[in-house]
1. Residues in region 162-174 that are within 16 Å of Tyr95 (Cβ to Cβ) and either in contact with a Gly (Cβ under 7 Å, 6 or more places away or on another chain) or open to solvent by 10 Å² or more (accessible area, probe 1.4 Å) (or both): how many?
2. With respect to Ala82, determine if the residue is closer than 21 Å to Met172 by Cα, part of a helix (DSSP H, G or I) and either open to solvent by less than 20 Å² (accessible area, probe 1.4 Å) or small (Gly, Ala, Ser) (or both).
3. So if I check each of Ala18, Ala24, Ala57, which one is closer than 19 Å to Val141 by Cα, touching a residue at least 40 places away in the same chain (Cβ under 8 Å) and in a helix (DSSP H, G or I)?
4. Among the listed residues Asp71, Asp50, which satisfies the condition of being at pLDDT below 95, open to solvent by less than 50 Å² (accessible area, probe 1.4 Å), charged (D, E, K, R) and under 23 Å from Phe213 (Cα atoms)?
5. Taking into account only those residues within region 118-136 that are assigned to a helix (DSSP H, G or I) and either touching a helix residue (DSSP H, G or I) at 6+ places or on another chain (Cβ under 8 Å) or modelled with pLDDT of 85 or more (or both), which is surrounded by the fewest Cβ atoms within 10 Å (Cβ to Cβ)?
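The values are calculated or read from the model by the stated rules, or taken from the named source; none is laboratory data. Just so it is clear, the model here is predicted, and its values are computed rather than measured. We place every Cβ from the backbone using ideal geometry, glycine too, and count neighbours over all the protein chains shown. These accessible areas exclude ligands, DNA and RNA; they are computed on the full protein's heavy atoms, side chains included. Shrake-Rupley method; radii C 1.70, N 1.55, O 1.52, S 1.80 Å.
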Amino acid sequence: MTSRNFQIIYLLPNLFTAASIFTAVISITAAINGDFEKSAWLIFLSLVFDGLDGRIARLTHTTSKFGVEFDSLADIVAFGVAPAMLLYFYVGQDYGKFGTLVMALFIIFGAIRLARFNVMSPNVDPTVFIGIPIPTAAIFVSIWVLMFLRYDSLNNYNWLLLVGTLFISLLMVSNIRYPSFKKINLKKPMLTKILIALISFSSLMYLYPVEGFTLIVTLYMLWGVVRAVYTLARKRLPLHS
């Protein structure tokens, strides 16, 4: 491989990172202009680009410290600022200072989550996340905005979006553990279960794309909280001989 070709391959993952930022900026513009559905789906597109940059870097062996830092800065724009702006212009501005506070805390806690991840990642079990990852929090905000847009009957309860986002913001900086799915056990006993889960997931997405994804993301959020409460309760139960 020539030196020129190597340089092009080195730039490729960073181009996908830049695409994630660019898509997020378009999402912010759409939110300002009141096109909330477009804004929400563009955050999903940013997630696709964000997922591709790391995988391409690993496949082409072009990972670098610059790429890691660039990716973190992209994440705060794509999954911090963009969903916060979507939330604010959709519902937050109707609730004055409280709406502004929720938007600000989502971005601040998202930045703290990214900084903590960058510091801790070499020493953390790759099968778990400590706290909700910021991309997952962004998807939570986006998919619930889509749900409220789809069902007019929910508009009377749009304040729940702010409360839910505040709760998710706290989960980002919590010590609650969530499965990362980075390393899935592909041994034969697990293959059938994984196949059934994928078929069920695909069927749900086909029939009810927004509703199905909303259910799955919300259950994922609640799973960590319920598991943490259950674990804490077991520790506090008196031991019987």
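1. Within region 162-174, the first condition is being within 16 Å of Tyr95 (Cβ to Cβ), and the residues that meet it are 162-167, 169.
Still in the running and either in contact with a Gly (Cβ under 7 Å, 6 or more places away or on another chain) or open to solvent by 10 Å² or more (accessible area, probe 1.4 Å) (or both): 162-164, 166-167.
Residues meeting the conditions: 5.
2. Values: closer than 21 Å to Met172 by Cα: yes; part of a helix (DSSP H, G or I): yes; either open to solvent by less than 20 Å² (accessible area, probe 1.4 Å) or small (Gly, Ala, Ser) (or both): yes.
Spelling it out, Ala82 is indeed closer than 21 Å to Met172 by Cα, part of a helix (DSSP H, G or I) and either open to solvent by less than 20 Å² (accessible area, probe 1.4 Å) or small (Gly, Ala, Ser) (or both).
3. Values: Ala18 fails: closer than 19 Å to Val141 by Cα; Ala57 fails: closer than 19 Å to Val141 by Cα.
Selected residue: Ala24, the only one of Ala18, Ala24, Ala57 that is closer than 19 Å to Val141 by Cα, touching a residue at least 40 places away in the same chain (Cβ under 8 Å) and in a helix (DSSP H, G or I).
4. Values: Asp71 fails: under 23 Å from Phe213 (Cα atoms).
Step by step, each of Asp71, Asp50 is checked, and only Asp50 is at pLDDT below 95, open to solvent by less than 50 Å² (accessible area, probe 1.4 Å), charged (D, E, K, R) and under 23 Å from Phe213 (Cα atoms).
5. Step one: list which residues in region 118-136 are assigned to a helix (DSSP H, G or I), which gives 118-123, 134-136.
So of that shortlist, the ones also either touching a helix residue (DSSP H, G or I) at 6+ places or on another chain (Cβ under 8 Å) or modelled with pLDDT of 85 or more (or both) come out as 118, 134-136.
Working: Asn118: 13, Ile134: 27, Pro135: 20, Thr136: 19.
By that ranking, first place goes to Asn118.
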